[in-house]
Amino acid sequence: MTKGVDSFYQQLISVSQSLPVAKALSGEWPFEVWRERLTGKVYEALGALPGNLPPLDLQIGSGQKLEGLTRYNVSYNSEPGLTVPGYLLIPEGIKPGEKLPAVVALNGHGYGVRAIVGLESDDSERRTPEYQADFALALCRHGLVVIAPELFGFGDLRLSSEYDDDPGHSSCDRLSSALWMVGRSMGGVRVLQAMRALSCLESVPAADTARVGAMGISGGGLVTTFFAALDPRVKAAVVSGYACTFEASILGVHHCVDNYFYGLQNVAEMYDILSLIAPRPMLWEAGTQDPIFPIHAVREAEATVRQVYAHLRKPDLFDVDIFEGEHRISGAKSYSFLKESLSAL
């Protein structure tokens, strides 16, 4: 009986997608026609988004000096009823009137945005290494302005009933399930948070909003993928510990419920959605021993996306940092990749 269920499940997930990038690569559709059609379907998969957004009302608190930067607490309105806390990181030594490239930094599962800005869950300074490697701090120390929002369901944006002794406990399960019931998705809420965080940079004098990138790991890699795919204001992207295939990863390995979108597997594979970012500069980070984003499927996705960049005559703008290790930030190429890609604009 179990074998029958297994084969039925495999039959369910091994569907033919309706909008693969292969149709554009083969010439069946012009690339921009394919892009427009898939973009519309991705928006549908994210679920309904609020039509009337409130003013951002970006609030910037007092700053704390760290090595090479100042870290500010911030908050802004993402959508009606949702005020998002986070951090703004500004490199030291900025001259009056100078504008620097900027990055929206998006954390993965854990205890929230604090994990990427050098803080422990209790707001004390970093004591122990963490898989996300304080990458927002690293980006800022490479000369980039960084805004890092608390993603819905993590940290300070958990349901009050789910605050417990485990700071890494999320509200993903209850929130994701409730969002489906009202025609929305966790990914949709978080992508809108990222879009609004980018808009907040317009109020930051040190940030050049014509040169904004995005970087995220794991669940933050998901948000980075959809954010960069849908928002042309993102000029370069680093996707860490996420770029793979849905079939081998999200549908092949146990994942948090916040990774799922209604009907998306019928429309496109993950590499098709990643291809929407082309030909903007994009780099992936992938560990050879990552248990939830298998490396063989990362390479499968890489092969398709390389074809896309070659088709668009920008093969040098796509790179993959495959490193020995598990599910974590590498940083070997990503920080300099974003700095150089954005600075070149």
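The values are calculated or read from the model by the stated rules, or taken from the named source; none is laboratory data. Since the model is a prediction, treat every value here as computed from it, not as a measurement. Glycine also receives a Cβ, built like all others from the backbone with ideal geometry; neighbour counts cover every protein chain displayed.
Values for this structure:
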| item | result |
| --- | --- |
| Selection status of residue 179, over 19 Å from the mean Cα position of the chain (by Cα) and assigned to a helix (DSSP H, G or I) | yes |
| Qualifying position, being farther than 28 Å from residue 179 by Cβ and exposed (fewer than 11 other Cβ atoms within 10 Å of the Cβ), among 80, 96, 55 | 96 |
| Whichever residue in segment 12-32 is in a helix (DSSP H, G or I) and not hydrophobic (A, V, I, L, M, F, W, C) and, among such residues, is nearest to residue 229 (Cα to Cα) | 32 |
| Test: residue in segment 269-276 that is charged (D, E, K, R), assigned to a loop (DSSP other than H, G, I, E, B) and buried (at least 22 other Cβ atoms within 10 Å of the Cβ) | yes |
| Odd one out for residue 157, checked against (1) touching a Lys or Arg at 6+ places or on another chain (Cβ under 9 Å); (2) within 28 Å of residue 53 (Cβ to Cβ) | (1) |
| Lone unmet requirement of (1) surrounded by 24 or more Cβ atoms within 10 Å (Cβ to Cβ); (2) closer than 30 Å to residue 159 by Cβ; (3) among the aliphatic types (A, V, I, L, M) for residue 102 | (2) |
| Residue ID - farthest from residue 151 (Cα to Cα), chosen from residues in segment 186-229 that are assigned to a helix (DSSP H, G or I) and of a type in the set (Val, Ile, Thr) | 225 |
| Residues satisfying the stated conditions in segment 281-299, i.e. buried (at least 18 other Cβ atoms within 10 Å of the Cβ) and either of a type in the set (D, E, K, R) or modelled with pLDDT under 95 (or both) | 285, 290 |
| Per-region count, segment 200-243, residues without any contact (Cβ under 8 Å) to a residue 60 or more places away in the chain and polar (S, T, N, Q) | 1 |
| Some residue of segment 333-344 being under 28 Å from residue 153 (Cβ atoms) and free of Cβ contacts under 8 Å to residues at least 40 places away in the same chain | no |
| Hits in segment 249-266 - residues which are in contact with a Pro (Cβ under 9 Å, 6 or more places away or on another chain) and either assigned to a strand (DSSP E or B) or crowded, with 20+ Cβ neighbours inside 10 Å (or both) | 249 |
| Count of segment 179-188 residues which are farther than 14 Å from residue 230 by Cβ and either buried (at least 18 other Cβ atoms within 10 Å of the Cβ) or of a type in the set (D, E, K, R) (or both) | 3 |
| Among the candidates 138, 148, residue that is assigned to a helix (DSSP H, G or I) and modelled with pLDDT of 95 or more | 138 |
| Exclusive hit being modelled with pLDDT of 95 or more and farther than 22 Å from residue 22 by Cα, set 316, 321 | 321 |
| Residue match in segment 42-49 (condition: modelled with pLDDT of 95 or more, among the charged types (D, E, K, R) and farther than 30 Å from residue 332 by Cα) | yes |
| Single match in 33, 15 (criterion: at pLDDT below 95, within 28 Å of the chain's Cα centre (by Cα) and of a type in the set (A, V, I, L, M, F, W, C)) | 15 |
| Extreme residue, surrounded by the most Cβ atoms within 10 Å (Cβ to Cβ), among residues of segment 300-325 that are small (Gly, Ala, Ser) and out of contact with any strand residue (DSSP E or B) (no Cβ under 7 Å at 6 or more places or on another chain) | 301 |
| Among the residues listed as 25, 89, 38, the single one being in contact with a Cys (Cβ under 7 Å, 6 or more places away or on another chain) and crowded, with 17+ Cβ neighbours inside 10 Å | 89 |
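So that you can scan it fast, the table gives a plain yes or no per residue for (1) farther than 21 Å from residue 277 by Cβ; (2) modelled with pLDDT of 95 or more; (3) surrounded by fewer than 24 Cβ atoms within 10 Å (Cβ to Cβ); (4) out of contact with any Cys (no Cβ under 7 Å at 6 or more places or on another chain):
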{"residue": "196", "(1), (2), (3), (4)": "no, yes, yes, yes"}
{"residue": "199", "(1), (2), (3), (4)": "no, yes, yes, yes"}
{"residue": "206", "(1), (2), (3), (4)": "yes, yes, yes, yes"}
{"residue": "211", "(1), (2), (3), (4)": "no, yes, yes, yes"}
{"residue": "216", "(1), (2), (3), (4)": "no, yes, no, yes"}
{"residue": "222", "(1), (2), (3), (4)": "no, yes, no, yes"}
